[in-house]
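Rule-based calculations on the coordinates, nothing more; no lab input. Note that the structure is a prediction, hence the values are computed from the model and not measured. Ideal geometry is used to build each Cβ from the backbone, glycine not excepted, and the neighbour counts take in all protein chains shown.
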Amino acid sequence: MGTAQEPPRPSAAWNDAADSFRRWRGGDAAGLDDLVRCLTPVLWHVVRAHGLDAERASDVVQTTWLVLVRRADFITEPQAVAAWLTTTARREAWRVSRAEVRTVAVADEALEADVPPGGSAESVAMLADEQSRLWRGVRRLSERCQRLMRIIAFEDRPDYRRLAAELQMPVGSIGPTRGRCLEKLRTLLGDENREWAANA
Amino acid sequence: MDVGTDDDAQLWVELADMWRAVDPPPETLVERVLVALATEGLDAEYELLSLVDSTARLVGARGAAEALTISFSGASFLLLLRVSGIGTAFRRVDGWVTPAREMRVTVKQDDRTWSADVDGSGRFELPRLPGGLSRFWLSARASAAAAVDAEQQLFATPTFEL
């Protein structure tokens, strides 16, 4: 049984990031803006895969960029900037997900239900049929599968050692687990197809 | 390496597209980051505090009765903020630093700042600030710094919406 294929390299984004970084370090301030616009969505998805709520995920993304600005001199290879950013974001996300602090409750607060790292009812309702099928299938996978797959879908060759630590799995099992998650997803999607066909 | 490689590759692309559709980043996130980077003071070394909890969003117009709490953590202390609305445009902030430490707190918004002293109990107040993107800076006061063998003298929260 073969292992699952490497996902297609998000190479366009990775190359754009390298170009933007080069321009920024070369003195063009707009390069930093472009870098932020290009990679913030990727960082968002990778961070949300750790199960953080929207507010904490946003904060981790912001922290990641601040760290980049402070440490940019240490990044000697522009092609590595995207990997550096995703690694930093995941490290911070993992750290924050472990912090548990109870704050003073305020009786008068109006609490708005936070959007789970899945999606709001509205955004799910607006999905095209294909995507909502996929969404339903993914939701039925284990938490571990969902996290693993979201990170892999957005990263260019994620660091398996770090993934292993975050998901508390042996490094050697990441690849096979990825394959099993994909297989399980296909089975779930296939089941749905069969039900659909049977009821048609 | 594999059988069905095209199908797998396609599935990964579809998965990414799905998550983009289901759970996009907040619209203001990029702007928030750009503002934070623009106001970043790179001169001094400081410790960046992390948001650990926030009883979130006020829905609709803020009234005097509504408040939210936000907490940030650093290596050696916790910063708690209680933010109350004054009308729609202004805020009152009551803050605590625990363990208590005498510091100076400065809030920066664009090019405006407000400051207050953190007292011996770790408390401070900023009675009236405009709402908006803000960053809280804390600096150890000279007397406290002498008593506490702290490596870090300057701390800052990320930029956040007050």
If you plug each phi of segment A:143-158 into the Karplus form 6.51 cos²θ - 1.76 cosθ + 1.60 with θ = phi - 60°, what whole-Hz ³J(HN,Hα) values come out, in order, with x for Gly and Pro?
-> 3, 4, 4, 4, 5, 4, 5, 5, 5, 5, 4, 10, 9, 8, 6, x
Whether segment A:134-200 is rounded, prolate or oblate, judged on the alpha carbon gyration tensor where a/c under 1.5 counts as rounded | prolate
Could you let me know the centre-to-centre spacing of segment A:170-200 and segment B:109-130, using Cα atoms, in angstrom?
-> 54 Å
From the phi of every residue in segment B:88-101, what ³J(HN,Hα) in whole Hz does the Karplus formula 6.51 cos²θ - 1.76 cosθ + 1.60 yield, where θ is phi - 60° and glycine or proline is x?
-> 9, 9, 10, 9, 10, 10, 10, x, 9, 10, 10, x, 4, 8
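Could you compute the net charge surrounding A:Arg161? Neighbours are other residues with a C-beta less than 13 Å from the C-beta of A:Arg161; K and R count +1, D and E count -1. Write out the running numbers ahead of the final one.
Working: positive: A:Arg90, A:Arg91, A:Arg157, A:Arg162; negative: A:Asp159, A:Glu166.
Cβ neighbours under 13 Å give a net charge of +2.
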So what's the net charge close to A:Glu130: Lys and Arg +1, Asp and Glu -1, counting the other residues with Cβ under 10 Å from its Cβ?
-> -2
